[in-house]
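Shown next, in C-alpha coordinates, is the structure this report addresses.
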Ligand SMILES: [Zn+2]
(Lines give C-alpha, C1' and ligand atoms only; values in the text may rest on other atoms or scores of the structure.)
Protein backbone atom coordinates (compact mmCIF):
# COMPACT_ATOMS: atom_id res chain seq x y z
CA UNK A 1 0.00 0.00 0.00
CA UNK A 2 1.39 3.37 -0.99
CA UNK A 3 1.43 6.37 1.36
CA UNK A 4 -1.56 8.63 0.87
CA UNK A 5 -1.58 12.43 0.84
CA UNK A 6 -4.43 13.32 3.21
CA UNK A 7 -4.69 16.86 1.88
CA UNK A 8 -5.09 15.79 -1.78
CA UNK A 9 -6.70 12.36 -1.18
CA UNK A 10 -4.28 10.73 -3.61
CA UNK A 11 -1.68 7.97 -3.46
CA UNK A 12 1.88 9.26 -3.48
CA UNK A 13 4.52 8.06 -5.94
CA UNK A 14 8.01 6.72 -5.19
CA UNK A 15 10.40 9.62 -5.60
CA UNK A 16 13.77 8.33 -4.37
CA UNK A 17 14.97 5.06 -2.84
CA UNK A 18 17.74 5.16 -0.27
CA UNK A 19 17.00 8.58 1.22
CA UNK A 20 19.12 8.99 4.35
CA UNK A 21 17.56 10.14 7.61
CA UNK A 22 19.98 11.47 10.22
CA UNK A 23 18.87 11.55 13.83
CA UNK A 24 20.49 13.99 16.25
CA UNK A 25 20.09 13.24 19.94
CA UNK A 26 20.50 15.32 21.97
CA UNK A 27 20.95 17.98 19.29
CA UNK A 28 23.49 18.60 17.80
CA UNK A 29 25.07 15.24 18.65
CA UNK A 30 25.07 12.67 15.81
CA UNK A 31 23.14 9.55 16.75
CA UNK A 32 21.96 7.32 13.89
CA UNK A 33 21.67 7.16 10.10
CA UNK A 34 18.66 5.31 8.62
CA UNK A 35 17.82 4.57 5.01
CA UNK A 36 14.26 4.86 3.76
CA UNK A 37 12.26 5.57 0.64
CA UNK A 38 10.99 9.03 -0.23
CA UNK A 39 7.45 9.34 -1.64
CA UNK A 40 5.95 12.43 -3.18
CA UNK A 41 2.48 13.78 -3.84
CA UNK A 42 2.28 14.95 -7.44
CA UNK A 43 -0.56 17.33 -6.63
CA UNK A 44 0.84 19.42 -3.73
CA UNK A 45 4.48 18.32 -3.73
CA UNK A 46 4.47 16.99 -0.15
CA UNK A 47 7.17 14.38 0.51
CA UNK A 48 7.53 11.72 3.22
CA UNK A 49 10.20 9.16 4.10
CA UNK A 50 8.93 5.66 4.98
CA UNK A 51 10.00 2.02 4.64
CA UNK A 52 13.05 1.94 6.88
CA UNK A 53 14.99 -1.21 7.49
CA UNK A 54 14.89 -2.98 10.83
CA UNK A 55 17.94 -1.16 12.16
CA UNK A 56 20.00 1.97 11.62
CA UNK A 57 22.69 1.76 8.95
CA UNK A 58 25.19 3.48 11.23
CA UNK A 59 25.22 4.33 14.92
CA UNK A 60 27.60 7.15 15.84
CA UNK A 61 28.39 5.58 19.21
CA UNK A 62 29.12 2.10 17.87
CA UNK A 63 30.95 3.11 14.66
CA UNK A 64 31.98 6.80 14.63
CA UNK A 65 34.36 6.47 11.65
CA UNK A 66 31.80 4.64 9.51
CA UNK A 67 29.14 7.12 10.48
CA UNK A 68 31.30 10.13 9.57
CA UNK A 69 32.44 8.68 6.24
CA UNK A 70 28.96 7.64 5.11
CA UNK A 71 27.44 10.91 6.32
CA UNK A 72 30.04 13.00 4.46
CA UNK A 73 29.40 11.12 1.22
CA UNK A 74 25.59 11.23 1.42
CA UNK A 75 25.69 14.91 2.43
CA UNK A 76 27.77 15.67 -0.66
CA UNK A 77 25.01 14.03 -2.72
CA UNK A 78 22.40 16.24 -0.99
CA UNK A 79 20.70 13.03 0.20
CA UNK A 80 20.47 13.59 3.96
CA UNK A 81 17.42 14.76 5.92
CA UNK A 82 18.37 15.69 9.49
CA UNK A 83 15.96 15.77 12.41
CA UNK A 84 16.26 16.15 16.17
CA UNK A 85 14.81 13.38 18.34
ZN1 LIG B 1 -0.87 16.29 -1.78
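Odds and ends about this structure:
- Residue in the range 28-47 that is over 14 Å from residue 83 (Cα atoms), at pLDDT 95 or above, in a strand (DSSP E or B) and touching a helix residue (DSSP H, G or I) at 6+ places or on another chain (Cβ under 9 Å) present: no
- From the list 13, 19, the lone residue that is loosely packed, with under 15 Cβ neighbours inside 10 Å and either away from the ligand (no atom under 16 Å from the Cβ) or over 13 Å from the mean Cα position of the chain (by Cα) (or both) is 13.
- Residues satisfying the stated conditions in the range 48-78, i.e. more than 14 Å from residue 31 (Cα to Cα) and either touching a helix residue (DSSP H, G or I) at 6+ places or on another chain (Cβ under 9 Å) or assigned to a strand (DSSP E or B) (or both): 48, 49, 50
- For first residues located in the range 36-60 and over 14 Å from residue 17 (Cα atoms) and in contact (Cβ under 8 Å) with a residue 40 or more places away in the chain, partners that are part of a strand (DSSP E or B) and within 16 Å of the ligand (Cβ to nearest atom) and lie 6+ apart or on another chain with Cβ distances below 6 Å form the pairs 46/5.
The values are calculated or read from the model by the stated rules, or taken from the named source; none is laboratory data. All values derive from a computational prediction rather than experimental measurement. In this analysis, Cβ positions are derived from the backbone assuming ideal geometry, glycine residues included, and neighbour counts consider all displayed protein chains.
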